[in-house]
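Worksheet: the structure to be examined is printed underneath.
The values are calculated or read from the model by the stated rules, or taken from the named source; none is laboratory data. Predicted model only: the values in this text are computed from it and were never measured. Cβ atoms come from the backbone with ideal geometry, glycine included; neighbour counts cover every protein chain shown. The protein model used for the area step is the full one, side chains on, heavy atoms only, and it has no ligands, DNA or RNA in it. Shrake-Rupley method; radii C 1.70, N 1.55, O 1.52, S 1.80 Å.
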Amino acid sequence: MSHTEETAVPVAAGEEVVVEVEGLGHEGEGVGRAGGFALFVPGALPGEKVRAKVRELKKRYGCADLLEVLEPSPERIQPPCPVFGRCGGCQLQHMEYDAQLRWKRKMVTDALERIGKLDLGRVTVHPTLGMAEPRHYRNKAQVPAGTRGGRLVAGFYAMNSRRIVETDACLIQHEMNNRVVEAVRRIAAELGITGYNEETRSGHLRHIVVRTGFATGEVMVVLVTNGERLPRAAELCERIAAAVPGVKSICQNVNTSRTPVVMGDRTKALWGRDVIYDRIGDVEFAISAESFYQVNPAQTEVLYRKALDYAGLTGAETVIDAYCGIGTISLFLARKAKRVYGVEIVPEAVRDARRNAQLNGIENAEFVAGKAEEVLPRWRERGVAADVIVVDPPRKGCDPALLDAIVAMRPRRVVYVSCNPATLARDLRVLEDGGYRTVEVQPVDMFPHTGHVECIVSTHFTG
Ligand code: SAH
């Protein structure tokens, strides 16, 4: 956003102001101005005039709580979920779905222009590919557990807080996940298992994590505990297995850290297997508790098909899949390529990737555990010359050393999958300067009703 500081009338914390909302911020909050001063107002939509109370002031902007919508946007709707606004999980349920899709595209074009300094006259940014039915799309629930009035509770963190909002009917979760979380909470409570207390760091259960394979119906339950001790664990597992059809794996993950990170680094299977299976398209995947796996399977297939399209494979290519997770994109591409190399930092995910290659009878894919920015230069020294490189980094984007290594290897195409338009734009600038022209950008709505935007980008080496 541009600043008009010279003319800005300062606002004071606690003051009530009228805000003209112009856009949406990274967290789906309304962004607007009061007296020329920039304010973030969660719950307000672009085009609206709202009354808000200033909560917090920084030098260049402030945050305000929505009090009243004076002039509503025609895109405003009644949020379908009863806990919307209290639960921090969704940010855009008060906006028509088509309007969400349009805004997500705009967030992408804004970032490409402002941060990436791309000439949008030369880049095609397609309309966001949305879902026909944007509900119950998530395959993974991570629900914090706590204790209230001596009772084990589970729900979601309230907006900007660590307070647990109890709910057993999340609108974006697969209904199976909602049922399983509630069954686990109820059985654990009956067995005297206590919820974690962040202040005293006491209690057994920190999180209930449930993952459901949409294609297979297989369910994994991960009990994240505050230490090794989990009373009556065997009985707990037997009862969960009896109550939950489809459960194939119950694991315990130990997390004793003070940080809000959900999982610790030790996991063991308590009951059944240590993985569940799922399918995307006709590729089958084994997924273990600690591995990254896309949360929206329907849109993942849309995304991976685009990856295949943008890779432009004929069967003769060498492909590198950096940040490969459990090898999902690698295996999707392997059938159309000569050889695929995947690199991923989490060793368990690499183990899953190798197992997944075997599971699908794919013999031309090889996986290495390590940092992409360190492994790629080593491959290059060994004489690996990729025709296509796919990157799918976490929100912070690619490490600069990786971008250097890509430019040095000079593949014909780089396909960039991103969950953060800002770091995507930053990295595309580096690739552009290294001779890669951004050709097409396809936003894909992986996270309906949230402020998150996923994109896939096709770039070609033009020298
Ligand atoms: N392409 C995969 C996973 C993408 S998520 C899929 O679609 O499922 C990003 C992945 O990058 C995660 O699995 C994370 O563990 C991994 N990662 C994070 N930093 C990394 C690094 N420096 N080098 C390699 N992998 C990394």
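Looking only at strands (runs of 3 or more DSSP E) that fall completely inside segment 139-227, which ones have 2 or more residues that are under 24 Å from Ile280 (Cα atoms), out of contact with any Phe, Trp or Tyr (no Cβ under 8 Å at 6 or more places or on another chain) and not β-branched (Val, Ile, Thr)?
The strands (runs of 3 or more DSSP E) meeting that bar are 140-148.
Can you run down the residue pairs with Cβ atoms below 6 Å, 6 or more apart or on separate chains, where the first is in segment 451-463 and part of a strand (DSSP E or B) and the partner is surrounded by fewer than 22 Cβ atoms within 10 Å (Cβ to Cβ) and hydrophobic (A, V, I, L, M, F, W, C)?
Every condition considered, the pairs that remain are Glu454/Cys419; Ser458/Val439; His460/Val439.
Which one of these is more than 30 Å from Leu101 (Cβ to Cβ) and either within 16 Å of the ligand (Cβ to nearest atom) or touching a Leu at 6+ places or on another chain (Cβ under 7 Å) (or both): Leu308, Leu303, Leu236?
None of the other options fit; the residue is Leu236.
Run down Arg162, Arg105 and say which single residue is open to solvent by 50 Å² or more (accessible area, probe 1.4 Å) and in contact with an Asp or Glu (Cβ under 8 Å, 6 or more places away or on another chain).
Exactly one residue qualifies, and that residue is Arg162.
Please go through (1) surrounded by 20 or more Cβ atoms within 10 Å (Cβ to Cβ); (2) at negative phi for Pro377 and return the number of the only condition it doesn't satisfy.
(1)
Considering only segment 308-334, state which residues are in contact with a strand residue (DSSP E or B) (Cβ under 9 Å, 6 or more places away or on another chain) and farther than 19 Å from Ile456 by Cβ.
Residue satisfying the conditions is Thr318 alone.
Using the structure shown, decide if Lys268 is assigned to a strand (DSSP E or B) and surrounded by fewer than 15 Cβ atoms within 10 Å (Cβ to Cβ).
yes
At least 1 residues that are touching a helix residue (DSSP H, G or I) at 6+ places or on another chain (Cβ under 7 Å) and among the aliphatic types (A, V, I, L, M) in each: list the strands (runs of 3 or more DSSP E) lying fully within segment 3-120 that qualify.
Here the list reads 16-24.
Okay, residues lined up against (1) outside the structural domain of Gly383 (by TED's automatic domain parsing); (2) open to solvent by less than 50 Å² (accessible area, probe 1.4 Å); (3) assigned to a helix (DSSP H, G or I); (4) within 30 Å of Arg162 (Cα to Cα):
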site: Ala234; (1), (2), (3), (4): yes, no, yes, no
site: Leu308; (1), (2), (3), (4): no, yes, yes, no
site: Asp321; (1), (2), (3), (4): no, yes, no, no
site: Ile329; (1), (2), (3), (4): no, yes, yes, no
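Is one or more of the residues making up segment 88-95 small (Gly, Ala, Ser) and outside the structural domain of Leu424 (by TED's automatic domain parsing)?
Yes, there is a match, as at least one residue in segment 88-95 is small (Gly, Ala, Ser) and outside the structural domain of Leu424 (by TED's automatic domain parsing).
What do you reckon, is Val283 more than 14 Å from the ligand (Cβ to nearest atom) and open to solvent by less than 30 Å² (accessible area, probe 1.4 Å)?
no
Can you pull out the residues in segment 366-384 that are away from the ligand (no atom under 13 Å from the Cβ) and of a type in the set (A, V, I, L, M)?
Matches in segment 366-384: Val384 only.
Looking at Glu29, Glu56 in this structure, which one is surrounded by fewer than 16 Cβ atoms within 10 Å (Cβ to Cβ) and in contact with a Gly (Cβ under 8 Å, 6 or more places away or on another chain)?
Glu56
Among the residues of segment 332-350, are any under 16 Å from Ala286 (Cα atoms), open to solvent by 30 Å² or more (accessible area, probe 1.4 Å) and near the ligand (Cβ under 9 Å from one of its atoms)?
Yes, the conditions are met somewhere in segment 332-350.
Out of all the residues in segment 65-85, which are charged (D, E, K, R) and farther than 24 Å from Val54 by Cα?
Within segment 65-85, just Glu75 meets the criteria.
Would you call Tyr293 part of a loop (DSSP other than H, G, I, E, B) and either buried (at least 19 other Cβ atoms within 10 Å of the Cβ) or in contact (Cβ under 8 Å) with a residue 24 or more places away in the chain (or both)?
In short, yes.
When segment 214-226 is examined, which residues are found to be surrounded by fewer than 24 Cβ atoms within 10 Å (Cβ to Cβ) and in contact (Cβ under 8 Å) with a residue 60 or more places away in the chain?
Phe214, Ala215, Thr216, Glu218
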